[in-house]
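To keep things clear, I will list the structure first and then write my remarks on it.
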Amino acid sequence: MYVIDNKMKRACKRCNKHQLFEVPNFNATQKKELLTSKVHSPLKTVKMLMESYKLSHADSKFIVLHINTNYGQCNRCNYKDLDSEYTDCPKCKALNFNWKID
Ligand SMILES: [Zn+2]
Ligand SMILES: [Zn+2]
């Protein structure tokens, strides 16, 4: 189990800007693990977040939905120039985690 001492509340302007979700401050290893897992199976990744991180189903789903699998590229539209983490797409307003993983 992971110890998460620093959580952030995040919202997506595209989905529902008034609803906040708990997003742990994942470290680089965890980000890599989650990204790889999402590519393989989004459903399993939701379960993994619930089990390993003790997050709610809603928070876990929110996280998996907003991890963009290609750095810089928006999850929802074809915008390709996202340049920071946890950023709103300038084109469609969707939140992208846009984790920089080497
Ligand atoms: Zn969204
Ligand atoms: Zn977009």
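We did not get these values from a lab; they are worked out from the coordinates using the rules stated. Here the structure is a predicted model, which is why all the values come from computation and not from measurement. Positions of Cβ are backbone-derived with ideal geometry, glycine not excepted, and every protein chain shown enters the neighbour counts.
Arrange the following residues from fewest to most other Cβ atoms within 10 Å of their Cβ: H66, H18. Numbers along the way, then the final one.
Working: H66 21, H18 6.
Fewest-to-most ranking of H66, H18: H18, H66.
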Cα coordinate range in segment 47-102, projected on the principal axes (Å, largest first): 33, 25, 14
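Across segment 7-96, how large is the tail of the calculated P(r) beyond 16 Å, expressed as a percent of all Cα pairs? Intermediate values should be presented prior to the final figure.
Details: 2070 of 4005 pairs.
More than 16 Å apart: 52 percent of the Cα pairs in segment 7-96.
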Efficiency of FRET between K91 and K47 - r from beta-carbon atoms, R0 30 angstrom, step 0.05: 0.40
